[in-house]
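Chemist: Below is a structure I'd like to ask you about.
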Amino acid sequence: MDNITVSYRLPQKWTKVVGIQDLRFNASIHNVAVFAPHYDGWDPESNSPMGRTFNFGINFTL
């Protein structure tokens, strides 16, 4: 499993109360898990640990 992305859009009946036309929250994770019997977490090409990346965002339209 390499990437996971989740997104949620709020209903317009909630967002129009505060004057926003559209509001969406999203989150993604890169390099979630590696399934290998003898994997120790190191990238063999660069000889450094493989990092996990977390991204969070908010998209809105006024």
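Chemist: By how many nm would the segment from MET50 to LYS16 grow when fully extended, if each residue of separation counts as 0.36 nm and the alpha-carbon distance is taken off?
Modeler: Details: separation 34, 0.36 × 34 = 12.24 nm, distance 4.28 nm.
Length gained between MET50 and LYS16: 8.0 nm.
Chemist: Heavy-atom accessible area of THR53 with all protein chains present, probe 1.4 Å, nearest 10 Å²?
Modeler: Result for THR53: roughly 60 Å² accessible.
Chemist: How large is the accessible surface per residue of the chain, computed with a 1.4 Å probe and reported in Å² as a whole number?
Modeler: Computed with neighbouring chains in place, this is 85 Å² per residue.
Chemist: Run the dipole for the chain about the Cα centre, Lys and Arg Cβ at +1, Asp and Glu Cβ at -1, nothing else charged, and hand back the magnitude in debye, nearest 20.
Modeler: 620 debye
The values are calculated or read from the model by the stated rules, or taken from the named source; none is laboratory data. None of these values were measured; they are calculated from a predicted model. As a convention, Cβ positions derive from the backbone with ideal geometry for all residues, glycine included, and neighbour counts pool all protein chains shown. Note: areas computed on protein heavy atoms with side chains; ligands, DNA, RNA excluded. Shrake-Rupley method; radii C 1.70, N 1.55, O 1.52, S 1.80 Å.
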